[in-house]
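What follows is a set of notes on a single structure, which appears directly below.
Each value in this text was obtained by applying a stated rule to the coordinates, not by laboratory testing. Since this is a predicted model, take the numbers as computed values, not measurements. In this analysis, Cβ positions are derived from the backbone assuming ideal geometry, glycine residues included, and neighbour counts consider all displayed protein chains.
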């Protein structure tokens, strides 16, 4: 809940306190927020900083930093045009965030969530090919299918990702510095940024979860591109009773290691789409590739590409 708010230099500063325990949040893990939850959450739609209260009542750890209308429209539109067809593909690989705790991903709900950039595990089909061929890889790092199959489109995404990265450095410098240091230690990253990976979601209401796999020293980066009209879909931290209505052009930086989720999205027009862009550094990927030379990276990527070609020719 919000215990204090005041405006400083045009920015609304909030201090929040937990009004639910971690045990209470654990019980709701994997479950979706409802309109009933909305009544207990203050939605922020303006420039704001949100801090977790210290024991003495002062502002402590940063939870959210939100800025409106920062991203270039030209770069936003180029990102949309080049990624949306890929982003609309159905997948079942989000586990708790999709409301499922099943270990068999094939039985998870089909949702439009996809990964761009670099990842730290090879696909199930590639694992089968490796096993049958008796091939061993030094690491399971790989390019995602989007880079492999659509390199020109991927290049057209980079200007927006770089702009998000620049705002990350500006608005969360203490987190950015640690993450960028790690990114500089691997060639498996999005060129010129602190990110290795991007997740795109289309009209996907994430269930209550904490992010896993990203750099624990870093901060969550979220941007949204919308088409058509809708209400809802705000990104919320229900443990603290706050949420943010992130829209086209906005940048949202948040501590994704606290419980978070989205409120339901309601379409006002049939064509309404909300594309969310989540940029981050995958810790395991960095750990297994740090210090590898560019030559080693290219050789590894070529070998994994060979697996993809083997699968297509079977």
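Spacing of the modelled spin labels on residue 227 and residue 121, each 7 Å from Cα toward Cβ, amounts to 3.1 nm. Computed extension gain for residue 177 through residue 155, at 0.36 nm per residue and net of the alpha carbon distance, reaches 5.5 nm. For the modelled label position 7 Å from the Cα of residue 290 along Cα-to-Cβ, which residues of segment 179-198 have backbone nitrogen atoms closer than 11 Å? Residues passing the 11 Å test: 179, 181-186. One chain, two ends: residue 84 and residue 184. Fully extended at 0.36 nm per residue, the span grows by 33.1 nm beyond their Cα-Cα distance. Angle, helix 151-171 long axis vs. longest principal axis of the chain, Cα atoms, 0 to 90°, nearest 10? Long axis of 151-171 versus the principal axis of the chain: about 40 degrees. Reported to the nearest whole Å, the Cα centre-to-centre distance from segment 18-38 to segment 111-142 is 34. Looking at the chain alone, DSSP beta bridges between its own residues are antiparallel in about 85 percent of cases.
To the nearest ten degrees, helix 173-183 and the longest principal axis of the Cα atoms of the chain are 10 degrees apart. Counting beta carbons within 10 Å around each of 67, 142 and listing the fewest first gives the order 67, 142. The simple spin-label model puts a point 7 Å past each Cα toward its Cβ; for residue 166 and residue 2 those points are separated by 3.1 nm.
Sequence-distant contacts, meaning Cα pairs under 8 Å at least 6 residues apart, place the relative contact order of the chain at 24 percent. Remark: 175, 167 ranked as 167, 175, counting other beta-carbon atoms within 10 Å and listing the fewest first.
In terms of packing, defined here as the mean over residues of other Cβ atoms within 10 angstrom, the peptides 154-161, 129-136, 248-255, 263-270 line up highest first as 248-255, 154-161, 263-270, 129-136. Placing pseudo-labels 7 Å out from each Cα toward the beta carbon at residue 145 and residue 34 gives an inter-label distance of 3.5 nm.
Between helix 124-133 and the chain there is an angle of about 20 degrees, using the helix long axis and the longest principal axis of the Cα atoms.
Just to verify a number: FRET efficiency for residue 46 and residue 22, C-beta to C-beta distance, R0 = 25 Å, to 0.05? Efficiency computed from Cβ-Cβ geometry: 0.30. List 216, 207 from most exposed to least, where exposure is judged by having the fewest other Cβ atoms within 10 Å. The order, fewest Cβ neighbours first, is 216, 207. Return, ordered by residue number, the residues of segment 194-214 whose backbone nitrogen is under 20 Å from a label point located 7 Å along Cα→Cβ of residue 110. Zone members listed by number: 200-207.
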